[in-house]
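Let me begin by presenting the structure, written as structure tokens, before commenting on it.
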Amino acid sequence: MVRDLWHLRGQAIATAIVVACGVATFVSMRSTYESLLSSRDSYYSLYRFADVFGSLKRAPESVAAEIAAVPGVAQVQTRVASVVTLDLPGLVEPAQGRLVSVAENIDDPLNDLFLIRGRQLERGADEVIISGAFADANSLNPGDSLRAVMNGRLRQLEIVGVALSPEYIYEIRPGDIFPDNRRFGVLWMNRRSVAAVFQMDNAFNDLTLTLAPEGSEGSVIEAVDRILAPYGGFGAYGRSDQTSHRFVSNELDELRVFGTFLPAIFLGVTAFLLHLVLSRLVNVEREQIGLLKAFGYSNRDVGLHYLKLAVAAIIGGIVLGILLGAWIGTAMNSLYGEYFHFPIVEFTISLSVILWSFVISIGAAAVGAASAVRRAVALPPAEAMRPEPPASFKAGFLESSGVKNLLSAEWRIIARNLARHPVKALLSAFGISLSIGLLFVGFYFFDAIFRILDVQFQQIQREDAEVTFIEPRPGRVQMDLARIPGVGRVETYRVVPAILRFGSHSRRTAVMGLSNSAELRRVVDKDLNVLRLPPEGVVLGRTIADSLGVSQGDVITIEITEGARPVREAVVTQVVDELLGLGTYMEISALNRFMREGDTVSGAYLQVDKDREAGLYSRLKSMPGVAGVSLPDAAEASFNDTIARTIGTMSFLLVGFACVIAFGVVYNGARIALAERGRELASLRVLGFTRREIGKMLLGEQAVLTLLAIPMGWAVGLLTAWSVTRMVDAEIVRLPLIVSARTFMASALIVAGAAVISGLLVAWRIRHMDLIAVLKTRE
């Protein structure tokens, strides 16, 4: 076995490298997934992350006891929360904060704070603790101060601490998809001070609770909604609908899918390579197999020999893959830690991941060796000890059609060899096509990211700034904004929180009302079709429609969770395929009628003169009704720093590994072809053919196989990319199946380059071929 392994060292090394790529992908992604999952669950447990959340207009504190008595409720904690406008040093536009009260004298508070630096709150009226991401983005530290518009009055707040909360692992402004830590943060203030500012003494407008072990989330939410309805409740919801938790869970699910799907492809290539190598080896060693069986070695002994050979060839690759996976996983863990805010994110590789690395890799090797082992075991000793009978050939299309007259002697030999072994040629081309497919998928991810950026930030979000109001405002605010110097165009919108119901399915979302004449914010599908909203009915994004099980023409129930809380039915007029977010749209006038309100708006999109934006933002800071300003440029930068960066990092790894695999597959194919035809090529050398001519015969055949593999690889890549879009069709970001010409060309050119390098290495071996040794006949 050792001698065979040394003889096949080139193929063995190439196969081991492929295994290392697959194992590294599995170890890095699976370990990152487990590390983040463990960090999240530990954080939730230690700092008592709530199970159910709710908000309302105002309720007396005595209502909390009524909620605590609901069967299945373990602990209730009320609080006061509000949106405040922030004036930050060094930031021209107004920022937005979520102010949350901190309970006093509670031993085990829910959603407890992890203090990074500074101190806890005292009874001072204007002390706050701010969230870590917000502090870092604005270079704020304990001892600094900021100004906030609270309940219409400007107050100077002293920062005494910086903290994290399990409620804001992924910290985003309500309604946003990507974090903007520069312009949005969470502030915690003691309950007494917040209550005094918002006239909430002995009252609350927000609550969180945990469930008892036997508690049912659905029944508890139903009871809480019933109790809070007279007090303007906006609808309680479970942990799965909590914004931060949903984002983190979606990202973890995507990481788990990648950690399973991609290694499976790499190890499939491994099995294919081992099949080719060992099948050729059994064919070459048939006489030795027969001799060993004649001397008494059992089929089991012979079969185990080739299985051990397959395993020995990949053991080094498994070890290398685990080490490489640990290094990559550490980097990935740090990347996720930049926008998932855990107190501690430790990267660990569990024993189970290491054991599974060996199990699945050895399993792939066994699958690849199975066919060769079967052939070796099935050979009867007497038949195996005889040389393999020569193949019987006859004139084929090449000779009968006269095409051979157009080809040189070398190309005639190439064409005949391919025509006489069509299955073998297709298998070789298929092996090369797998590496092309992997490269194709790696480049596809970049195409998908560029498409998302173009659709979202060039076709949909065309405004320069978005202004949100603390409370819904009359439509005449549009004229007030248009009169501000520097504002070129104003388009208002209305947003209302709602629960959509269809049959037994329900979904919490927000209904967005837009004008059909809007140009700054449009509804655009993944194919760049601009949708004009109908005068009646509702338009749903594909993800929400699928989760509800509805299609165009169905009637759904919409429960508004603000204001008078109307419950009405609406027809789904269209289902639109969007790339980002969970869209639910109505024409703004139709939404106002649906709400039975006048011309009411929640915010506005602005076209801004860049030379006057400083004065505009200064004016907006002083407007008491303005909650904050969002900038599409900041959202695009946040997308690039979060989701695009994560997908891009995985794509770089995939492309790098695919390049290695491409070389391994092509080089293996060329070496196997040289080993199988060594005697034939040596004979041609003796008969007078030059090294260049026999090199042309061998490498020309590999070139034909590579050219044949290119369209096959593109088909494999397209199928794999389509599978990826189905498997990682997350709620937040949906990857479009869009492929550029660059992806087709790059995947083909890299494999062609690998073929050229492999050809040069094989040509070197041909030049140094020992003709006498090759031509010796085994007796």
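Numbers at a glance
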quantity: Long-range neighbours under 7 Å by Cβ, at least six apart or interchain, first residue within 24 Å of GLU562 (Cβ to Cβ) within the range 601-617, second modelled with pLDDT of 85 or more and in a loop (DSSP other than H, G, I, E, B); calculated: VAL601/GLY475; TYR605/GLU463; TYR605/LEU520
quantity: Matching entry among ILE159, ILE116 (being more than 30 Å from GLN461 (Cβ to Cβ), open to solvent by less than 20 Å² (accessible area, probe 1.4 Å) and of a type in the set (A, V, I, L, M)); calculated: ILE159
quantity: Count of residues meeting criterion [under 20 Å from MET200 (Cβ atoms) and open to solvent by 10 Å² or more (accessible area, probe 1.4 Å)] in the range 123-140; calculated: 5
quantity: Count of the range 416-429 residues which are open to solvent by less than 80 Å² (accessible area, probe 1.4 Å) and modelled with pLDDT under 75; calculated: 5
quantity: Selection within the range 548-579 - assigned to a loop (DSSP other than H, G, I, E, B), over 22 Å from VAL601 (Cβ atoms) and either of a type in the set (Gly, Ala, Ser) or under 30 Å from the mean Cα position of the chain (by Cα) (or both); calculated: GLY549, VAL550, SER551, GLN552, GLY553, ASP577, GLU578, LEU579
quantity: Which numbered condition ASP527 fails, given (1) farther than 22 Å from ILE177 by Cα; (2) open to solvent by 60 Å² or more (accessible area, probe 1.4 Å); calculated: (1)
quantity: Filter result (in contact (Cβ under 8 Å) with a residue 40 or more places away in the chain, under 18 Å from VAL80 (Cα atoms) and in a loop (DSSP other than H, G, I, E, B)) within the range 200-241; calculated: MET200, ASN202, GLY232, GLY233, PHE234, GLY235, ALA236
quantity: Given (1) within 27 Å of ASN202 (Cβ to Cβ); (2) free of Cβ contacts under 8 Å to residues at least 40 places away in the same chain, number of the condition TRP6 does not satisfy; calculated: (1)
quantity: Residues of the range 1-30 satisfying the condition of being aromatic (Phe, Trp, Tyr) and surrounded by fewer than 24 Cβ atoms within 10 Å (Cβ to Cβ); calculated: TRP6
quantity: Some residue of the range 580-596 being touching a Pro at 6+ places or on another chain (Cβ under 7 Å), open to solvent by 50 Å² or more (accessible area, probe 1.4 Å) and either outside any helix (DSSP H, G or I) or touching a residue at least 60 places away in the same chain (Cβ under 8 Å) (or both); calculated: yes
quantity: Yes/no for SER622 being free of Cβ contacts under 8 Å to residues at least 24 places away in the same chain, of a type outside the set (A, V, I, L, M, F, W, C) and within 26 Å of ASN151 (Cα to Cα); calculated: yes
quantity: Of all residues making up the range 119-162, the number that are of a type in the set (S, T, N, Q), farther than 26 Å from GLN199 by Cβ and part of a loop (DSSP other than H, G, I, E, B); calculated: 2
quantity: Count of the range 604-654 residues which are exposed (fewer than 14 other Cβ atoms within 10 Å of the Cβ) and part of a helix (DSSP H, G or I); calculated: 6
quantity: Conditions (1) within 16 Å of CYS21 (Cα to Cα); (2) within 22 Å of the chain's Cα centre (by Cα); number of the one not met by ASN333; calculated: (1)
quantity: Test result for ARG256, within 29 Å of the chain's Cα centre (by Cα) and surrounded by fewer than 22 Cβ atoms within 10 Å (Cβ to Cβ); calculated: yes
quantity: Qualifying residue in the range 51-59 (condition: open to solvent by 50 Å² or more (accessible area, probe 1.4 Å), part of a loop (DSSP other than H, G, I, E, B) and either touching a Leu at 6+ places or on another chain (Cβ under 9 Å) or more than 30 Å from SER618 (Cβ to Cβ) (or both)); calculated: no
quantity: Scan of the range 290-305 for residues that are of a type outside the set (S, T, N, Q) and either outside any helix (DSSP H, G or I) or more than 14 Å from ALA369 (Cβ to Cβ) (or both), ordered by number; calculated: GLY290, LEU291, LEU292, LYS293, ALA294, PHE295, GLY296, TYR297, ARG300, ASP301
quantity: Matching residues in the range 700-715 - criterion: being over 11 Å from VAL751 (Cβ atoms) and either touching a Gly at 6+ places or on another chain (Cβ under 6 Å) or of a type in the set (S, T, N, Q) (or both); calculated: GLN702
quantity: Enumeration of residues in the range 707-750 that are among the β-branched types (Val, Ile, Thr) and either in a loop (DSSP other than H, G, I, E, B) or at pLDDT 85 or above (or both); calculated: ILE710, VAL716, THR720, VAL728, ILE732, ILE738, VAL739, THR743, ILE750
quantity: Subset tally (residues that are out of contact with any helix residue (DSSP H, G or I) (no Cβ under 9 Å at 6 or more places or on another chain) and either modelled with pLDDT of 90 or more or open to solvent by 50 Å² or more (accessible area, probe 1.4 Å) (or both)) for the range 475-487; calculated: 6
quantity: Any hit, the range 461-469, residues being touching a Pro at 6+ places or on another chain (Cβ under 9 Å), surrounded by 19 or more Cβ atoms within 10 Å (Cβ to Cβ) and not in a strand (DSSP E or B); calculated: yes
quantity: One residue from SER357, SER350 being out of contact with any Pro (no Cβ under 7 Å at 6 or more places or on another chain), modelled with pLDDT of 85 or more, closer than 28 Å to GLU167 by Cα and open to solvent by less than 50 Å² (accessible area, probe 1.4 Å); calculated: SER350
quantity: Candidates VAL63, VAL100 - the one that is crowded, with 19+ Cβ neighbours inside 10 Å, under 15 Å from GLU167 (Cα atoms) and at pLDDT 90 or above; calculated: VAL100
quantity: Leading residue by the ranking (nearest to ARG239 (Cα to Cα)) among those in the range 96-153 that are touching an Asp or Glu at 6+ places or on another chain (Cβ under 7 Å) and polar (S, T, N, Q); calculated: ASN111
quantity: Count of residues meeting criterion [open to solvent by 20 Å² or more (accessible area, probe 1.4 Å), assigned to a strand (DSSP E or B) and farther than 22 Å from PHE53 by Cβ] in the range 493-511; calculated: 1
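The values are calculated or read from the model by the stated rules, or taken from the named source; none is laboratory data. Computed from a prediction, not measured in an experiment: that's the story for all the values here. Cβ coordinates were reconstructed from backbone atoms using ideal geometry, including for glycine residues, and neighbour counts include every protein chain displayed. Calculation scope for accessible area: heavy atoms of the full protein, side chains included, ligands and nucleic acids excluded. Shrake-Rupley method; radii C 1.70, N 1.55, O 1.52, S 1.80 Å.
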